[in-house]
1. HN-Hα J couplings of segment 9-24 from phi, Karplus 6.51/-1.76/1.60, θ = phi - 60°, integer Hz, Gly and Pro as x?
2. Taking springs between alpha-carbon atoms closer than 10 angstrom, which of 19, 39, 61 fluctuates most in the Gaussian network model of the chain?
3. So, R0 is 25 Å and r is the distance between the beta-carbons of residue 7 and residue 29; what FRET efficiency does that work out to, to 0.05?
Amino acid sequence: MNYRVAKELKAERVKRDLSIADVAKALETCGETIRRYESGTYTLTIEKIEKLLKFYNVDPSIFFRNVCGEMHD
């Protein structure tokens with residue numbers, strides 16, 4: 001599931017035409033951390049997911065519906 005969350009978070013960033021540096025700056029972290037979140041290398045806490053979704057202005061219920069939908073594809 002972590003991979004699916006990571007993949008969906010990357011899709012949200014790309015959809016908004018944001019760079020990894022843009023997201024890193026907004027979340028006050030480094031670009032390598034964002035890369036690792038998006039690749040699934042780092043396990044995301046619910047708090048980090050919430051911060052990212054808030055930054056992307058994404059409703060968590062819609063986000064997780066998309067993630068869970070991918071699990072059934």
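Values quoted throughout were computed directly from the atomic coordinates according to the rules given, and no laboratory measurement underlies them. This structure is a prediction, so every number in the text was calculated from the model and none was measured. Backbone-built Cβ (ideal geometry, glycine too); neighbour counts: all protein chains shown.
1. Per residue, the Karplus-derived 3J(HN,Hα) values read 5, 5, 4, 5, 5, 5, 4, 8, 6, 9, 8, 4, 5, 4, 5, 4 Hz.
2. Largest GNM mean-square fluctuation: 61.
3. 0.80
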